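The values are calculated or read from the model by the stated rules, or taken from the named source; none is laboratory data. Since this is a predicted model, take the numbers as computed values, not measurements. Cβ coordinates were reconstructed from backbone atoms using ideal geometry, including for glycine residues, and neighbour counts include every protein chain displayed. Keep in mind that these areas ignore ligands, DNA and RNA; they rest on the heavy atoms of the full protein, side chains included. Shrake-Rupley method; radii C 1.70, N 1.55, O 1.52, S 1.80 Å.
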Amino acid sequence: MDGAQRQQQYFPDNRIFAPDLATLFGSTSPVPSEVVPYYTITIATAAGPPPTFTITATPKGTQATGTEATLTIDQSGTRLPASAW
């Protein structure tokens, strides 16, 4: 959710959404250390119109073998799957 908020702040200054975590977060670590072993976080953008982004958290390691869902949030705040948020 922090990434989605940062995207909304990034857009007015740059007229695009940030294409990756490094651009969006700069030198700070974008993914909390307690999340890193369990999820891979990625950003997908489209220039539009209208411009869009989707941030995806894909389970990895022990999370990938269980019933954990891939989580997404987009520019409109839609969070999927709804049951996992």
ask   = Do we find that residue 62 is of a type in the set (S, T, N, Q), touching a residue at least 12 places away in the same chain (Cβ under 8 Å), open to solvent by 50 Å² or more (accessible area, probe 1.4 Å) and out of contact with any Gly (no Cβ under 6 Å at 6 or more places or on another chain) in this structure?
value = yes
task = Within the stretch 40-77, count every residue that is among the hydroxyl-bearing types (Ser, Thr, Tyr), within 14 Å of residue 17 (Cα to Cα) and not in a strand (DSSP E or B).
result = 1
message = If the requirement is being among the hydrophobic types (A, V, I, L, M, F, W, C) and open to solvent by less than 50 Å² (accessible area, probe 1.4 Å), which of these qualifies: 57, 44?
response = 57
task = State which residue is least open to solvent (accessible area, probe 1.4 Å) when the search covers only the stretch 14-37 and only residues that are without any contact (Cβ under 8 Å) to a residue 12 or more places away in the chain and of a type in the set (Gly, Ala, Ser).
result = 26
ask   = Does the stretch 2-13 include one or more residues that are part of a loop (DSSP other than H, G, I, E, B) and either loosely packed, with under 11 Cβ neighbours inside 10 Å or at pLDDT 90 or above (or both)?
value = no
